[in-house]
Amino acid sequence: MSRITTLGEFIIKTQSQVSYSTGELSKLISSLRLAAKIVNAEINKAGLVDDILGKAGDTNIQGEDQQKLDVYANRKFIDSVEAREITCGIASEEEDSFIAFDSPQCRNGKYVILIDPLDGSSNIDVNVSVGTIFSIYKRVSPVGEKAIIEDFLQPGNQQVAAGYFIYGSSTMMVYTTGNGVNGFTFDPTIGSFFLSHPDMRIPEEGSIYSVNEGNYPFFSQGVRDYLKNIKQNIPLEGKPYTGRYIGSMVSDLHRNMLKGGLYMYPGTTSKPNGKLRLCYECNPMAYIMEQAGGVATDGNQRILDIVPTELHQRAPLFLGPKKMVAEIESYLTR
Ligand code: AHG
Ligand code: MN
Ligand code: MN
């Protein structure tokens, strides 16, 4: 693929790599692309339009303030996949429970989707990059029937596709269907995504660490020892690690994927499972990270092997290049 390749062309060309594909997965990914373009346009206006900034005045099921753009993005992604009638259901971070689409066409859909429609939304008001994270599974319930909770509570190792959109200095889509990770940059003058980052691999030698270090006093002894040690015993032959933390998981991970770095959201004394949602954030990012040559763990086990019991459950997360994750793991087990 030496010439310019659009996302649409890439999806079609690589469809055959997914052995069971009938084009349904491709259509599903295309519908997400459309919703992301709409959300992207709205995010770009956020500084100009008063009524889309700030809080929507409601809280989601997890007790967090919903930002207006959270609500907007949630609606757009749900409407977009429902309108195309290519999935039997969706679960969103912003919804109390999963939504099973009822039309006969939707009931025939083979896949379910899980989504964090707007990740890092508290950063919109301050003009910092945000994102969307998605994850796609084959349903376990019979095709033709309504989707059930078990379709959504599958371990991450059952994902057939996962990806994210990053609404940053440029807008990108990065995704995997289990054959490596590819990144596409949006050209707003044409309205298309173009393949800009083929076969993304996380550098093996990372030197960035990303963590909300304000939580330091509440981390486990192992995490604190690790953080203390990388500052006191300079790890890279006299050159210290670089600390980088945006507070938008998509942006933090995207940077670390390109530059090489460890991202973590460990548990704290009051929140032993941390903050990040297993099904909407940890699993898709873990799948992408593994496909890019890295690893993802909750400190005890591979993220992708955790069997979820609740849609909105949280998990501690450590992910990045193998060496860096192994280094922090050695502290966690002490
Ligand atoms: P969301 O906006 O979807 O609720 O996600 C916010 C998440 C994630 O993007 C980020 O890494 C993390 O929250 C930041 O949390 P802290 O502010 O506690 O560091
Ligand atoms: Mn999020
Ligand atoms: Mn969110």
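The values are calculated or read from the model by the stated rules, or taken from the named source; none is laboratory data. This one's a predicted model, so the numbers in the text were calculated from it and none came from an experiment. In case anyone asks, the SASA skips ligands and DNA or RNA and just uses the protein heavy atoms, side chains included. Shrake-Rupley method; radii C 1.70, N 1.55, O 1.52, S 1.80 Å.
The table below gives the values:
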{"quantity": "Residue-wise HN-Hα coupling along segment 114-120, computed from phi with Karplus coefficients 6.51, -1.76, 1.60 (Hz; x: Gly, Pro)", "calculated": "10, 9, 9, x, 9, 9, x"}
{"quantity": "Fraction of alpha-carbon pairs over 20 Å apart in segment 208-332 - percent", "calculated": "38 percent"}
{"quantity": "Structure-based [θ]222 nm, the chain - -39500 (n - 2.57) summed over DSSP H runs of at least 4, per residue, nearest 500", "calculated": "-8500 deg cm²/dmol"}
{"quantity": "Residue-normalised accessible area of the chain, given per residue in Å² at a 1.4 Å probe", "calculated": "42 Å²"}
{"quantity": "With every protein chain in place, segment 7-197: carbon and sulfur % of accessible area (1.4 Å)", "calculated": "48 percent"}
{"quantity": "C-alpha center-to-center spacing [segment 195-221, segment 111-182] in angstrom", "calculated": "20 Å"}
{"quantity": "Rounded if a/c under 1.5, otherwise prolate or oblate - segment 188-279, Cα gyration tensor axes", "calculated": "oblate"}
{"quantity": "In sequence order, calculated HN-Hα J values of segment 146-152 (Karplus, 6.51, -1.76, 1.60; Hz; x Gly/Pro)", "calculated": "6, 4, 10, 4, 4, 4, 9"}
{"quantity": "Shape category assigned to segment 7-197 from the gyration tensor of Cα positions, a/c cut at 1.5", "calculated": "oblate"}
{"quantity": "Entries in Lys13/Lys45; Lys231/Lys259; Lys37/Lys322 that, when Cα-Cα distance is taken, lie over 22 Å", "calculated": "Lys13/Lys45; Lys37/Lys322"}
{"quantity": "Added length on full extension, which subtracts the Cα-Cα distance from 0.36 nm per residue, Asn233 to Asn44", "calculated": "63.8 nm"}
{"quantity": "The chain: DSSP helices with Cα axial extent of at least 24 Å and average Kyte-Doolittle hydropathy no lower than -1.0", "calculated": "24-44"}
{"quantity": "Cross-link reach list, aspartates and glutamates versus Lys323, counting only Cα pairs under 14 Å and skipping chain neighbours closer than eight places", "calculated": "Glu204, Glu205, Glu290"}
{"quantity": "Long-range Cα-Cα pairs in the chain (distance over 27 Å), rounded percent", "calculated": "43 percent"}
